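The values are calculated or read from the model by the stated rules, or taken from the named source; none is laboratory data. What you see is a predicted model; the values in this text were computed from it and never measured. Ideal geometry is used to build each Cβ from the backbone, glycine not excepted, and the neighbour counts take in all protein chains shown. Side chains included, ligands, DNA and RNA excluded: accessible areas come from the protein's heavy atoms. Shrake-Rupley method; radii C 1.70, N 1.55, O 1.52, S 1.80 Å.
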Amino acid sequence: MEEKVEWYLDFVDFSYRAKNDDLIAKFKIKPAKGFSIDEAAGRVASESSVGTWTTLASLTPSVKELMAKAYKIDNSFVWVAYPYTLFEPRNMPQILSSIAGNIFGMKAIASLRLEDVVWPEKLMRSFKGPKFGVEGIRDLLKVTKRPLLASVPKPKLGLTHKEHAAYGYDAWIGGLDLLKDDENLTSQSFNNFEFRAKETFRMRDKAEKETGERKSYLINITSETKEMIRRAKLVKELGGEYVMIDIITSGWSALQTLRDVCDELGLAIHAHRAFHAAFTRSIEHGMSMNLVAEISRIIGVDQLHIGTVVGKLEASKEEVLTLKEKLTTSRNGWKGMKKVFPVSSGGLHVGLIPRLLSMLGTDIVVQVGGGVWGHPSGGRAGARALRDAIDSYMNNIPLDEYAKKSRELREALQKWGRQTYI
Ligand code: CAP
Ligand code: MG
């Protein structure tokens, strides 16, 4: 036998007027069979603030003041206001254990999605935000207008550290700004982190000398937190400017720690979002990628993947544009918090560049793996083709026209055309 306890409706109050420093969460809720949306909303507000499954023998006025309120319901969307005092500043795990915690598993709820949050400004400001942001990164690389260009060696795993560094050299000499590690390349038996770091930075310095351009390396330090700190320090010693972190698999606490460490070391953070789709992809259950982007910006990453629309991974145009907006807006509470460089990646090749840039603009990082390393004449030609495709866009020259004088671009277009490969 399962019983309903009706005090949950005390957490629903349509007359409540949200305060300036309340945290507002917008949920999409599908109640389980036999429960109304109000009953489900009350349970969400209760379990994510001060309540539990039963009435309590004592509830002091000061605890009552901390009750979250579901104050607006529109079909399946529910807005809940949380008093500021419920949260510990500078503690993202605590904030998420509240608003994105037990509630996802309640029996009274068939499915639940945390769609959006309005952050109290003082809670947001208790975190660091990006250290470099779009402008800082552009200054660092001395690239003022065009998109930044990155490439991840493919095959993603199995290259030795020497091979990896040689791939980097080709990417840089071919015209790209950034070499990126793949999300699952860390320090394996075939490619040790320290060896890779030393050799790749050596090749980076060589490429910088030969091209006269700034070149950098997004080296993946993802690991257990103390080991990440050790790797970040090594990157700094070797003359790196960036670390890459798989932010979701590493966790928000680790990211907060690394944000502090990178502050001291003066390193930028490239955030890879591997695993996000496990909880962002369903439109019925989990959390929106928009929120992942906001949390990342608040803690303070400098670059984050947003998707491509035209590439291999699932994302609508609207979603990707909203993500870009979340990372770069200066409106509302975001004023003064640096912008995160949006990274567009996943199944990109030169034939998709015009569509990609006309949709997302040129203030992005374009990241291409297979579309560089699958070039018929090899990676260096693939990198050149990408740089040429970007130059053609920046100079308003149609791709096919530009391809007449770029063999590398021509060959890439012959192989991939303009279509998407999934
Ligand atoms: C891209 C990539 C990235 C994805 C992740 C890959 O390589 O390195 O991990 O972009 O997705 O391994 O797939 P390709 P997202 O250029 O060869 O596709 O950017 O959406 O987070
Ligand atoms: Mg990858």
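Can you tell me which residues in the stretch 162-210 are away from ligand 1 (no atom under 16 Å from the Cβ), open to solvent by 50 Å² or more (accessible area, probe 1.4 Å) and in a helix (DSSP H, G or I)?
Of everything in the stretch 162-210, those that are away from ligand 1 (no atom under 16 Å from the Cβ), open to solvent by 50 Å² or more (accessible area, probe 1.4 Å) and in a helix (DSSP H, G or I) turn out to be Lys162, Glu163, Glu194, Phe195, Lys198, Arg202, Asp205, Lys206, Lys209, Glu210.
Only one of these is part of a loop (DSSP other than H, G, I, E, B) and touching a residue at least 24 places away in the same chain (Cβ under 8 Å): Asp21, Asp38, Asp10. Name it. Give the derivation first.
Numbers: Asp38 fails: part of a loop (DSSP other than H, G, I, E, B); Asp10 fails: part of a loop (DSSP other than H, G, I, E, B).
Selected residue: Asp21, the only one of Asp21, Asp38, Asp10 that is part of a loop (DSSP other than H, G, I, E, B) and touching a residue at least 24 places away in the same chain (Cβ under 8 Å).
If I filter the stretch 228-248 for residues that are under 15 Å from Asp302 (Cα atoms), away from ligand 1 (no atom under 15 Å from the Cβ) and open to solvent by 10 Å² or more (accessible area, probe 1.4 Å), do I get at least one hit?
yes
Could you list, in sequence order, all residues of the stretch 330-356 that are closer than 21 Å to Gly136 by Cα and open to solvent by 40 Å² or more (accessible area, probe 1.4 Å)?
Hits for the stretch 330-356 are Ser330, Arg331, Lys335, Gly336, Lys338, Lys339.
Any residue that is in contact (Cβ under 8 Å) with a residue 24 or more places away in the chain and either among the β-branched types (Val, Ile, Thr) or not assigned by TED's automatic domain parsing to the domain that holds Ala171 (or both) - is there at least one of those in the stretch 373-382?
no
Just for the stretch 330-346: of the residues that are away from ligand 1 (no atom under 16 Å from the Cβ) and not basic (Lys, Arg), which one is modelled with the lowest pLDDT?
Within the stretch 330-346, the match that is modelled with the lowest pLDDT is Asn332.
Looking at the stretch 357-374, which of its residues are open to solvent by less than 10 Å² (accessible area, probe 1.4 Å) and away from ligand 1 (no atom under 12 Å from the Cβ)?
Within the stretch 357-374, Leu357, Leu360 meet the criteria.
Within the stretch 123-156, restricting attention to residues that are assigned to a helix (DSSP H, G or I) and open to solvent by 40 Å² or more (accessible area, probe 1.4 Å), which residue is farthest from Thr308 (Cα to Cα)?
Step by step, filter the stretch 123-156, then rank; the result is Asp139.
Regarding Leu159, is this residue within 16 Å of ligand 1 (Cβ to nearest atom), crowded, with 17+ Cβ neighbours inside 10 Å and under 19 Å from the mean Cα position of the chain (by Cα)? Steps first, please.
Numbers: within 16 Å of ligand 1 (Cβ to nearest atom): yes; crowded, with 17+ Cβ neighbours inside 10 Å: yes; under 19 Å from the mean Cα position of the chain (by Cα): no.
In short, no.
Any residue at all in the stretch 100-118 that's in a helix (DSSP H, G or I) and under 17 Å from the mean Cα position of the chain (by Cα)? Break it down stepwise before answering.
The initial filter retains those residues of the stretch 100-118 that are in a helix (DSSP H, G or I), namely 102-105.
Adding the requirement that they be under 17 Å from the mean Cα position of the chain (by Cα) leaves none.
No: the stretch 100-118 contains no residue that is in a helix (DSSP H, G or I) and under 17 Å from the mean Cα position of the chain (by Cα).
Do we have Val63 as open to solvent by 40 Å² or more (accessible area, probe 1.4 Å) and either of a type in the set (A, V, I, L, M, F, W, C) or within 16 Å of ligand 2 (Cβ to nearest atom) (or both) here?
On the way: open to solvent by 40 Å² or more (accessible area, probe 1.4 Å): yes; either of a type in the set (A, V, I, L, M, F, W, C) or within 16 Å of ligand 2 (Cβ to nearest atom) (or both): yes.
Spelling it out, Val63 is indeed open to solvent by 40 Å² or more (accessible area, probe 1.4 Å) and either of a type in the set (A, V, I, L, M, F, W, C) or within 16 Å of ligand 2 (Cβ to nearest atom) (or both).
How many of the residues in the stretch 403-421 are in a loop (DSSP other than H, G, I, E, B) and touching a residue at least 12 places away in the same chain (Cβ under 8 Å)?
Total meeting the criteria: 6.
I'm trying to understand the selection: among the residues of the stretch 263-290, which are more than 15 Å from ligand 1 (Cβ to nearest atom), surrounded by 16 or more Cβ atoms within 10 Å (Cβ to Cβ) and under 17 Å from Leu323 (Cβ atoms)?
Gly286, Met287 - these are the residues of the stretch 263-290 that are more than 15 Å from ligand 1 (Cβ to nearest atom), surrounded by 16 or more Cβ atoms within 10 Å (Cβ to Cβ) and under 17 Å from Leu323 (Cβ atoms).
So if I check each of Glu325, Glu318, which one is free of Cβ contacts under 8 Å to residues at least 40 places away in the same chain and within 20 Å of Arg125 (Cα to Cα)?
Just one listed residue meets the conditions, Glu325.
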